[in-house]
Amino acid sequence: MDSGVRPWQAGAMRIPGQAARVAVLDPSGAIFLLRYDNEEVGAHGAMPGGGTDPGETPPRAAERESREETGWTDTEVGPLFCLWEHDVTRAGVPVRQHEHIHLAHAPRRDRVGDLTASHMADRILRWRWWTPDDVIGDTEPLWPPQLPGLPAGLRRDGPPAVPIDLGHVPKGTVRVWNPVTG
């Protein structure tokens, strides 16, 4: 019988997890985002990425995940530009996920191939290129919540010499970014 209490609500311990994402920017500064649906936090926009496999480095995981979620085989994953942690539940397991976000540049284009099965497995609802103005003006929850400010900083300053540490977002928190209050 289902009690209606989910693992993250019952105070269950979170296992550590590693993930990697890639911020794919087109020549005009638009960023490619997917809309994921997670059982704990709901629908949210995020960069292509996911969990690292055993023995896999974050750059390789970012490259693999990008290929699996976009079909692009020619995107070169570049430098690590930010880190962050958040709480998420995957397949019913509460996880404290440490994410590496790498930078890549690519032309604006559509996804390649039939990604239906992959998107269903990863609970990807849709995708699109977001201009800097789209990201700042949108009210859709974004991961990480600081995402709207990141592409502008990259365009202005280039990749940081030291990765930006965005910190930890507590369990179940996906905030809608507000350009006035951050």
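Laboratory data are not the source of any read-out in this text; all were calculated from the coordinates shown. Since this is a predicted model, take the numbers as computed values, not measurements. For neighbour counting, all protein chains shown are included, and Cβ atoms are generated from backbone atoms with ideal geometry for every residue, glycine included.
In a shell of Cβ-Cβ distance under 15 Å around residue 28, excluding residue 28 itself, what net charge do Lys and Arg (+1) and Asp and Glu (-1) give? Intermediate values should be presented prior to the final figure.
Values: positive: 108, 109, 128, 155, 156; negative: 26, 133, 134.
Charge balance in the 15 Å sphere: +2.
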Checklist entry - Of all chymotrypsin sites (Phe, Trp or Tyr not before Pro) in segment 118-161, which ones are in loop regions per DSSP and have a Cβ with at most 13 other Cβ atoms within 10 Å? => result none
Item to check | Inter-label distance for residue 112 and residue 28, nm, one decimal - labels placed 7 Å from Cα along Cα-to-Cβ | outcome: 2.2 nm
Item to check | Environment charge at residue 112 (Cβ cut-off 14 Å; Lys +1, Arg +1, Asp -1, Glu -1) | outcome: -1
Item to check | Separation in nanometres of the label points that stand 7 Å from Cα toward Cβ, at residue 35 and residue 128 | outcome: 0.7 nm
Checklist entry - Near the amide H of residue 142, under 5 Å away, which other amide H atoms are found, from residues 5 or more places off or on another chain, if H is placed in the peptide plane? => result 45, 175, 177
Next on the checklist: If I model a spin label as a point 7 Å beyond the Cα along the Cα-Cβ vector, how far apart are those points for residue 162 and residue 91 in nm?
Outcome noted: 3.7 nm
Checklist outcome for this item: Taking every other residue with Cβ under 9 Å from the Cβ of residue 102 and scoring Lys and Arg +1, Asp and Glu -1, one gets 0
